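Here's the structure, in C-alpha cells; my notes come after.
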Amino acid sequence: MKCSTFVRQVKEEHGRHTDATVKVPFLKKCKEAGLLNYLLEEILDKVHSIPEKLMDETTSESDYEEIGSALFDCRLFEDTFVNFQAAIEKKIHASQQRRQQLKEEIELLQDLKQTLCSFQENRDLMSSSTSVSSLSY
C-alpha cells in the first residue's frame, strides 16, 4: 500500500471517529431538549421532497448532485440500496418469466393460426371437390 493511500485512510478513519464523538453528544442533547423528533421530521421532510424535485423538469444539475450526495453518501441508505438491488433482480426475473410465458403463448397462437389455415385449406379443397363431383352428374 502506498504511503499516501495509507495516510489518507488513517485521516478518513480519524475523521469518522471525530465525527462520531461530535455527533453522538449532539443527538443526545437534541433528545434531552425534546428536539429529536423535530430534527427527524425535518430530515423526513427533506427525504419526502426528493421525488418531487427529481420529477420536476426544471431540476438543475446541482440539485441532482445535492440529492445524489444526500442519498449515496449516507450510510443510512446502504441497506436500502442492497434491498433495492434485490428488488431489481426480482423484477428482472419476473420480466424474464413473463417474456418466456409470452413467447410460449405466441408460439401456441401461431400454431393455432396454422392449424386454422390448414382447416380452411382442407375445407376449400373439399368444397371444390364436391362442386366438381356434383358437376359430373
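If each residue of separation counts as 0.36 nm, what is the full-extension length gain between residue 22 and residue 66 once their alpha-carbon separation is subtracted? Kindly include the intermediate steps, with their values, before the conclusion.
On the way: separation 44, 0.36 × 44 = 15.84 nm, distance 2.34 nm.
Contour length minus Cα-Cα distance gives 13.5 nm.
Quick check for me: using +1 on Lys/Arg Cβ and -1 on Asp/Glu Cβ, what's the dipole size of region 27-124 about its Cα centre, in debye to the nearest 20?
Dipole about the Cα centre, nearest 20: 480 debye.
Please give the FRET efficiency for residue 55 paired with residue 84, using the beta carbon to beta carbon distance and R0 = 25 Å, rounded to the nearest 0.05. Numbers along the way, then the final one.
Working: r = 18 Å, r/R0 = 0.73.
Result of the calculation: an efficiency of 0.85.
Give or take rounding to whole Å, what are the principal axis extents of the alpha carbon atoms in region 27-124, in descending order?
90, 31, 21 Å, listed from the longest principal axis down.
Tell me, what % of the accessible area of region 27-124 is carbon and sulfur with a 1.4 angstrom probe?
On the way: 5150 of 8990 Å².
The C+S portion of the solvent-accessible surface of region 27-124 is 57 percent.
Considering only protein heavy atoms, what per residue accessible area in square angstrom results for region 64-124 with a 1.4 angstrom probe? It would help to have the intermediate numbers written out before the result.
Working: 5670 Å² over 61 residues.
Computed with neighbouring chains in place, this is 93 Å² per residue.
In the neighborhood of residue 95, defined by Cβ-to-Cβ distances under 14 Å, what is the net charge if each Lys or Arg adds +1 and each Asp or Glu adds -1? Don't skip to the answer; put the middle values down first.
Numbers: positive: 90, 91, 98, 99, 103; negative: 89.
Value of the local net charge: +4.
Taking 0.36 nm per intervening residue step and subtracting the Cα-Cα distance, what contour gain separates residue 36 from residue 77 on full extension?
Numbers: separation 41, 0.36 × 41 = 14.76 nm, distance 1.98 nm.
Additional length available on full extension: 12.8 nm.
The values are calculated or read from the model by the stated rules, or taken from the named source; none is laboratory data. Bear in mind that the values here come from a model prediction, so they are computed numbers and not experimental data. All Cβ positions, even for glycine, are placed from backbone atoms using ideal geometry, and neighbour counts span all protein chains on display. When the accessible area is computed, the model is the full protein with side chains, heavy atoms only, and any ligands, DNA or RNA have been set aside. Shrake-Rupley method; radii C 1.70, N 1.55, O 1.52, S 1.80 Å.
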